[in-house]
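*Asks:* Next up is a structure, given as structure tokens.
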């Protein structure tokens, strides 16, 4: 019986959730409250869950049988949703893999998606199936509790922990203790936003990505009274999102026994002082920025002193050196076979020699982080044969098998190849990371997965995964500015935006350069401009070809780009940014893997409107130039003051461009621009993003109000990011205004779909 | 054992509701898999299949994967390469009324309609020709229908009833597929003589209309 294998506490939790679900169906729980309840069980909404979908020609209502019953604001009950499943530090057993495979097959679409935070996501799930699914997961020790919502999300950890050649010590027990301690903790239930934690065994590699987390620890040791003590270099207030923040150093050495009480104190301070009403500024990074790290630290340490002693803080420490996993005693094969085709390349990119002699880790490459149920089940069998229960999910969306006996590598590769999982290229330039984007995400603007698949195919065809020069170069793609694809962290990053060209929408990606994947995500990239989505593969090839051609000895890609400068990098791509008319090249007007025309409704262009549009376009384009100049001030002059000034000007120029739609005679005076922008676009909510609300509109007022403040380089960088977001919001606002003004016209005769209709 | 079949008509049965019907093509070449994306989007536009059609999922990047999937509220339908053939799988998700044979028969009708649309699809230039002489039934619910001989025996009569409706005769046989017990219970149904899609659709239509 399933019930016999579920702990009473978990069982009660799931029963409670099921009761809430039933009550919501009966209308006895408010939809907003129910939304948070289901989110805290990892049950997310998905694209088209408002009951509408644009089919390429018109917006169609989706006639879900439960009608107007909602599972959250504007979220239809029957709409397929996403189930996120937390896998603390990505550690899985074979039994868990099999259950995950089963539930994906029975309740989802038989595809499991591994995320950049070591979770697993299932898509197209019915909310009515979620309690049963949760019970089956609970039977193998998996909870979905707090996988979403304003809570402590999955605690991630370096997947090499315990076997890494460079780590200070194994952070696995610390990740585990933190995850267990904070799960459902009363002090971690009242946040304004989510809270993400990561641990890394070293500071040089990217495996833990500590600097982009709300709280992160890097393993450190210190000799105290002749005894080596373990602890963490602790960081707080990092985060990606629309405006990335580097985490701030909280403590150079936090002794291990202080880890959990400090985490608890941080949670309490965040819950008490963090923003609650304005979601856009509710992450802890904003609180740390507002208070300053010194004041934040003082408050946390004071809070820690007030806490009542909890045995759970330290009860686990005595066993941190107990081996949490062990290898098979002997290699699985005593009769070595010859290597299968492709073994050499695979060994080069997917095998890592552990610090324990005779053992290696093996990365199982999953294109876009996807694996089928059948493959996962077969992979579980392979794991049992070669490594026991020593499997981790990596932050690059692959599986990692640890403790493989070196003599087993060839036969293991052969077995993996037989189930379609023997591809090389893990953790290489072809291993492109992407968020779900427009495939399933409600916020997606462009098809990040479609682009990632196209890039992967194109770069692998050139065998770039084997090029040693490109070994540390990563490409990451997000479908919007929200950074779920971690675009800021890659040497080449992209995030999706839209552009309106002569009344048609064109999917674009902003190109970010300057990020550094290694060193735990210590450097973030900045945008040099937007290129049509279908031209991104050519963009990547140009950048890489030039790097390979002109790099100096041992010069990393980011160093090369810094040497030639962003101005030159942008010039290289300038021609790709120019979009030909729809009639000339309609292929640019649809997205990857989607036959529909990208525009929301086909839009006609009137002559009168055309003139006004050109004024607005001109203003926004000028703003783009200014924000790029602001970046150059940052990079070349290291002038924070000039960069912030230019970034503010860029926002004012974009705002002025929009105002010209209604008042062509708008003055150049910033005060006038701001006043008119407030009246015409803020008070009317015309500028508001459908999901982010006033978030972007407020950026211009904040930047203006703080214009006399002496900026740090970090603030300048943030201001540049904010200006880019404001300009993107101006583009989007402009597009919405055009749509509202114009009448639909018949579909283009070139539409691909027409020819499909028999 | 929970009853797999609920014999009352017009009642959403608590019995087996999650199952798949799979048809396979004859050997086919020169098919551009990307065309399935265009085709499925067009099907959504004109609601070409029964059910609430929602979206298209592109899984072509997954090795040995599911190809291109048409997602609907009621079911998923995906077309994927299968050696030098293609398979079309119709995966029922939501509860249907009727007895189990009626539910299987109704699902087979939708799957066959999809086969017929693909055979006639202009974008594919007639490259796909399905072989409905054999199809597979997959029970997609391990809690209700574990993959073992006992479940097969329990299901066999209902499957036979459904297959008789599809083929219009008793001239077929069912075969339990022995495989990894962790996989889903799969039964192959094979007619003694070659048949075509149109013929089977006609059989089901006649059966449904008495």
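The values are calculated or read from the model by the stated rules, or taken from the named source; none is laboratory data. Small disclaimer: the values here were computed from a predicted structure and weren't measured. A quick note on method: Cβ atoms are made from the backbone with ideal geometry, for glycine too, and the neighbour counts reach across all protein chains shown.
*Asks:* Go through (1) within 14 Å of chain B (Cβ to nearest Cβ); (2) surrounded by 21 or more Cβ atoms within 10 Å (Cβ to Cβ); (3) modelled with pLDDT of 90 or more and name the single condition residue A:84 misses.
*Replies:* (1)
*Asks:* Same structure, new question: Report yes if some residue within the stretch A:255-277 is over 28 Å from the mean Cα position of the chain (by Cα) and either under 18 Å from residue A:151 (Cα atoms) or part of a strand (DSSP E or B) (or both); otherwise report no.
*Replies:* yes
*Asks:* Something else now. Just give me the residues in the stretch A:552-566 being crowded, with 16+ Cβ neighbours inside 10 Å and touching a residue at least 40 places away in the same chain (Cβ under 8 Å), in sequence order.
*Replies:* A:556, A:557, A:558, A:561, A:562, A:566
*Asks:* Answer yes if at least one residue in the stretch A:357-378 is in contact (Cβ under 8 Å) with a residue 60 or more places away in the chain and surrounded by fewer than 17 Cβ atoms within 10 Å (Cβ to Cβ), and no otherwise.
*Replies:* No, because not a single residue in the stretch A:357-378 is in contact (Cβ under 8 Å) with a residue 60 or more places away in the chain and surrounded by fewer than 17 Cβ atoms within 10 Å (Cβ to Cβ).
*Asks:* Ok, one more. Kindly indicate the residue of the stretch A:36-60 that is more than 10 Å from every other protein chain (Cβ to nearest Cβ) and part of a strand (DSSP E or B) and also farthest from the chain's Cα centre (by Cα) among those meeting that condition.
*Replies:* Filtering the stretch A:36-60 for residues that are more than 10 Å from every other protein chain (Cβ to nearest Cβ) and part of a strand (DSSP E or B), the one farthest from the chain's Cα centre (by Cα) comes out as A:59.
*Asks:* Kindly indicate the residue of the stretch A:66-81 that is more than 14 Å from chain B (Cβ to nearest Cβ), within 23 Å of residue A:121 (Cα to Cα) and free of Cβ contacts under 8 Å to residues at least 40 places away in the same chain and also surrounded by the most Cβ atoms within 10 Å (Cβ to Cβ) among those meeting that condition.
*Replies:* Looking at residues that are more than 14 Å from chain B (Cβ to nearest Cβ), within 23 Å of residue A:121 (Cα to Cα) and free of Cβ contacts under 8 Å to residues at least 40 places away in the same chain, I get A:70.
*Asks:* So which residues in the stretch A:410-457 are over 24 Å from the mean Cα position of the chain (by Cα), assigned to a loop (DSSP other than H, G, I, E, B) and either free of Cβ contacts under 8 Å to residues at least 24 places away in the same chain or on the phi > 0 side of the Ramachandran plot (or both), if there are any at all?
*Replies:* Listed by number, the list holds a single entry, A:420.
*Asks:* Please indicate, with yes or no, whether at least one residue in the stretch A:338-354 is on the phi > 0 side of the Ramachandran plot and loosely packed, with under 15 Cβ neighbours inside 10 Å.
*Replies:* yes
*Asks:* Here's another thing I want to ask about it. Does the stretch A:518-530 include one or more residues that are part of a loop (DSSP other than H, G, I, E, B) and in contact (Cβ under 8 Å) with a residue 60 or more places away in the chain?
*Replies:* yes
*Asks:* Which residues, taken from the stretch A:197-220, are farther than 16 Å from residue A:288 by Cβ and assigned to a loop (DSSP other than H, G, I, E, B)?
*Replies:* Passing the criteria: A:201, A:202, A:203, A:204, A:205, A:206, A:207, A:208, A:209.
*Asks:* Any idea which residue in the stretch B:48-67 is farthest from the other protein chains (Cβ to nearest Cβ), counting only those that are on the phi > 0 side of the Ramachandran plot and free of Cβ contacts under 8 Å to residues at least 40 places away in the same chain?
*Replies:* Among those that are on the phi > 0 side of the Ramachandran plot and free of Cβ contacts under 8 Å to residues at least 40 places away in the same chain, it is B:67.
*Asks:* Against the condition in contact with a helix residue (DSSP H, G or I) (Cβ under 7 Å, 6 or more places away or on another chain), within 14 Å of another protein chain (Cβ to nearest Cβ) and assigned to a strand (DSSP E or B), how does residue B:71 come out, does it pass?
*Replies:* no
*Asks:* So which residues in the stretch B:145-192 are within 14 Å of chain A (Cβ to nearest Cβ), touching a helix residue (DSSP H, G or I) at 6+ places or on another chain (Cβ under 8 Å) and in contact (Cβ under 8 Å) with a residue 24 or more places away in the chain?
*Replies:* Scanning the stretch B:145-192 gives B:145, B:182, B:183, B:184, B:185.
*Asks:* Looking at the structure I just gave you, is residue A:417 surrounded by fewer than 21 Cβ atoms within 10 Å (Cβ to Cβ) and either modelled with pLDDT of 95 or more or closer than 30 Å to residue A:447 by Cβ (or both)?
*Replies:* yes
*Asks:* Something else about it: Just give me the residues in the stretch A:302-321 being within 27 Å of residue A:357 (Cα to Cα) and without any contact (Cβ under 8 Å) to a residue 60 or more places away in the chain, in sequence order.
*Replies:* Listed by number, the residues that qualify are A:318, A:321.
*Asks:* Follow-up question, since we're still on this one. Suppose the filter is at pLDDT 90 or above, buried (at least 21 other Cβ atoms within 10 Å of the Cβ) and within 11 Å of another protein chain (Cβ to nearest Cβ); does residue A:63 pass it?
*Replies:* Spelling it out, it is not the case that residue A:63 is at pLDDT 90 or above, buried (at least 21 other Cβ atoms within 10 Å of the Cβ) and within 11 Å of another protein chain (Cβ to nearest Cβ).
*Asks:* Scan the stretch A:24-35 for residues that are in a helix (DSSP H, G or I), surrounded by fewer than 18 Cβ atoms within 10 Å (Cβ to Cβ) and touching a helix residue (DSSP H, G or I) at 6+ places or on another chain (Cβ under 8 Å) and jot them down.
*Replies:* Result: A:31, single match.
*Asks:* Take the residues in the stretch A:3-23 that are under 17 Å from residue A:189 (Cβ atoms) and in contact with a helix residue (DSSP H, G or I) (Cβ under 8 Å, 6 or more places away or on another chain); name whichever of them is surrounded by the most Cβ atoms within 10 Å (Cβ to Cβ).
*Replies:* Per the criteria, the residue is A:17.
*Asks:* Suppose we filter the stretch B:88-135 for residues that are assigned to a strand (DSSP E or B) and either touching a helix residue (DSSP H, G or I) at 6+ places or on another chain (Cβ under 8 Å) or within 14 Å of chain A (Cβ to nearest Cβ) (or both); how many remain?
*Replies:* Total satisfying the criteria: 9.
*Asks:* Answer yes if at least one residue in the stretch A:461-473 is touching a strand residue (DSSP E or B) at 6+ places or on another chain (Cβ under 9 Å), within 30 Å of residue A:46 (Cα to Cα) and surrounded by 20 or more Cβ atoms within 10 Å (Cβ to Cβ), and no otherwise.
*Replies:* no
*Asks:* Now for a separate question. Name, by its number, the condition in (1) exposed (fewer than 15 other Cβ atoms within 10 Å of the Cβ); (2) without any contact (Cβ under 8 Å) to a residue 60 or more places away in the chain; (3) over 29 Å from the mean Cα position of the chain (by Cα) that does not hold for residue A:292.
*Replies:* Among (1) exposed (fewer than 15 other Cβ atoms within 10 Å of the Cβ); (2) without any contact (Cβ under 8 Å) to a residue 60 or more places away in the chain; (3) over 29 Å from the mean Cα position of the chain (by Cα), residue A:292 violates only (3).
*Asks:* Looking only at residues that are closer than 12 Å to residue A:594 by Cβ and either in a helix (DSSP H, G or I) or within 7 Å of chain A (Cβ to nearest Cβ) (or both) in the stretch B:32-47, which one is nearest to the chain's Cα centre (by Cα)?
*Replies:* Here the residue is B:40.
*Asks:* OK, next. When the residues of the stretch A:384-398 are filtered to those that are touching a helix residue (DSSP H, G or I) at 6+ places or on another chain (Cβ under 7 Å) and within 14 Å of chain B (Cβ to nearest Cβ), which remaining residue is surrounded by the fewest Cβ atoms within 10 Å (Cβ to Cβ)?
*Replies:* Across the stretch A:384-398, the extreme among qualifying residues is A:384.
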